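> Questions regarding the structure given below will be posed in turn.
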Amino acid sequence: MKKAVIGLNIKYLSKAIVFGLLQFIALFLPYAKTTEGYKNMPAVARLLMVSNGGSALNYVLIANIVFTLLGFVLLALSITNLSKKIARVWQCTQAINTATQLFLLFASKTILEKGKLATAFLNKDLGFGYYSGLLLAFLTLVFVMKLNETNTGYIALTIMGIIWMFPIVWIVLTSLRAEQGYYVGYFFPKNLTLSNFTKLFAKDSVIPFGKWWVNTFIVAIFGCVLNTLIILATSFTLSRTRFRGRKAFMNVLMIIGLFPGFMSLIAVYNILKGLGLNQSLVALIIVSAAGAAMGYHVSKGFFDTIPRAVDEAAIIDGASRFQIFTHITLPLSKSIIVYTALVNFLAAWSDYIFPSMLFGDKQSSYTVAVGLYWLTDFRRIDRYYTQFAAGAVIVAIPIVILFIWLQKFYVEGLSGSVKG
């Protein structure tokens with residue numbers, strides 16, 4: 001071994017070697033329960049090659065075996081002559097090996113059942129060899145990364161990323177699943193189809209998803225525009241002007257904002273019913289705009305960072321408060337405007353509690369959140385669950401596009417303006 005590598009990293013190298021050897025041994029321990037009993041990974045791979053059935057996911061199992069063997073070879077080279085190049089290749093190999101090992105947690109059922117090696121397979125049928133191999137793969141990767149002086153925080157972020165992405169991947173795969181039903185015992189669909197999406201917009205569909213989507217879009221657009229204007233005007237007034245009762249007004253808004261909104265749902269509903277506005281989109285827009293001023297805190301904090309000297313110079317030149325707001329403050333506040341608009345659009349787009357109470361059984365006024373929940377009723381969920389998943393994907397697309405497109409302004413809106 002090279003002395004430069006031995007120096008401070010010998011303890012990491014020794015641990016990586018120990019866990020790597022144990023991972024290699026785990027490859028030959030029971031991987032999963034088959035119709036012929038528990039078999040290790042090489043044995044399962046051999047049976048898959050001679051079986052009549054098969055899945056494209058078989059390559060995941062083969063890749064895991066190959067990269068485990070390759071990792072063992074690099075481990076042996078590290079014992080005799082460790083170099084930075086070998087250590088880096090070992091890290092990349094171990095990362096791929098760990099990913100394939102984790103992926104097998106979701107793919108094993110499809111691999112074994114399509115390969116006709118198991119029936120009604122569940123993850124509890126995975127053997128000690130698999131779970132110990134998964135744990136040892138992560139431990140080996142951690143110490144190989146420490147050996148390369150790579151921040152192991154990336155592992156934690158990767159694991160959390162997988163956990164966060166799992167529900168998203170699952171709902172997307174469910175929306176593409178050709179097999180109907182609420183519960184299936186596998187992760188990857190046996191057959192893929194786009195019919196779940198087309199059925200939502202079919203003319204003969206009992207689900208008026210297109211109408212729900214349009215309703216949601218109307219509420220989101222009007223709510224976004226009105227709420228943004230109200231919040232910006234309130235924030236500017238409280239930030240740039242001083243008047244009697246200002247602090248008391250801010251305190252009142254803050255105290256009211258501490259109470260959950262659902263506490264006033266019954267009272268608001270009865271008021272709207274008395275006005276004849278219940279079960280209408282107009283009521284949803286009005287209620288949203290009525291409470292918008294309580295969300296002034298972030299934009300007020302942004303306006304506070306704009307130097308007051310700018311306002312004073314404009315006043316000397318004869319500008320009114322309204323002109324300062326429209327010609328000076330707003331042009332300097334692009335990021336907070338986008339941030340406020342995005343937050344209000346997302347809030348209106350995904351709101352469920354109040355619309356569900358407001359619309360009752362008037363299905364034509366439903367927003368997508370209420371409509372999709374209607375599909376999960378026990379009388380409908382088994383029949384429409386895949387269409388529910390397809391609707392959830394469609395609903396998420398505008399939010400994802402908006403957030404990715406406006407992410408820069410979203411961050412800048414929280415950080416404040418540039419002082420100068």
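The values are calculated or read from the model by the stated rules, or taken from the named source; none is laboratory data. No experiment lies behind these values; they were computed from the predicted model shown. A quick note on method: Cβ atoms are made from the backbone with ideal geometry, for glycine too, and the neighbour counts reach across all protein chains shown.
> Among the residues of segment 46-70, which ones are among the aromatic types (Phe, Trp, Tyr) and either buried (at least 19 other Cβ atoms within 10 Å of the Cβ) or over 17 Å from ALA107 (Cα atoms) (or both)?
Across segment 46-70, the qualifying residue is only PHE67.
> Same structure, new question: Being among the β-branched types (Val, Ile, Thr) and either assigned to a loop (DSSP other than H, G, I, E, B) or outside the structural domain of PHE19 (by TED's automatic domain parsing) (or both) is the filter here, so list the residues in segment 104-145 that pass it.
So in segment 104-145, the residues among the β-branched types (Val, Ile, Thr) come out as 110-111, 119, 140, 142, 144.
Listed by number, the list holds a single entry, THR119.
The rows are residues; the columns are (1) in a helix (DSSP H, G or I); (2) without any contact (Cβ under 8 Å) to a residue 40 or more places away in the chain; (3) touching a strand residue (DSSP E or B) at 6+ places or on another chain (Cβ under 7 Å); (4) buried (at least 18 other Cβ atoms within 10 Å of the Cβ).
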| site | (1), (2), (3), (4) |
| --- | --- |
| TYR373 | yes, yes, no, no |
| PHE378 | no, yes, no, no |
| ARG383 | yes, no, no, no |
| ILE394 | yes, no, no, no |
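> Please determine whether any residue of segment 216-239 is closer than 22 Å to TYR373 by Cβ, modelled with pLDDT of 90 or more and of a type outside the set (A, V, I, L, M, F, W, C).
yes
> Kindly state which helices (runs of 4 or more DSSP H) lie completely within segment 206-305 and contain at least 2 residues that are under 16 Å from SER356 (Cα atoms) and among the small types (Gly, Ala, Ser). Let's see the steps before the verdict.
Numbers: elements: 209-240, 246-258, 265-275, 281-290, 297-304.
It comes to 281-290.
> Now, a different point. Taking the stated definitions as given, is LEU229 surrounded by fewer than 18 Cβ atoms within 10 Å (Cβ to Cβ) and under 30 Å from SER335 (Cα atoms)? First the steps, then the outcome.
On the way: surrounded by fewer than 18 Cβ atoms within 10 Å (Cβ to Cβ): yes; under 30 Å from SER335 (Cα atoms): yes.
Criteria met by LEU229.
> Now a separate question. Identify, from the list GLU179, GLU149, the residue that is outside any helix (DSSP H, G or I), surrounded by fewer than 13 Cβ atoms within 10 Å (Cβ to Cβ) and in contact with a Lys or Arg (Cβ under 8 Å, 6 or more places away or on another chain).
The unique qualifying residue is GLU179.
> In the set LEU105, LEU134, LEU141, LEU157, which member is of a type in the set (A, V, I, L, M, F, W, C), within 29 Å of the chain's Cα centre (by Cα) and crowded, with 20+ Cβ neighbours inside 10 Å?
LEU141
Per-residue answers, yes or no, for (1) surrounded by fewer than 16 Cβ atoms within 10 Å (Cβ to Cβ); (2) at positive phi; (3) modelled with pLDDT under 85:
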residue	(1), (2), (3)
LYS247	yes, no, no
MET250	yes, no, no
GLY261	yes, no, yes
SER264	yes, no, yes
ASN278	no, no, yes
VAL287	no, no, no
ALA292	no, no, no
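> Could you count how many residues in segment 185-206 are touching a residue at least 24 places away in the same chain (Cβ under 8 Å) and of a type in the set (A, V, I, L, M, F, W, C)?
4
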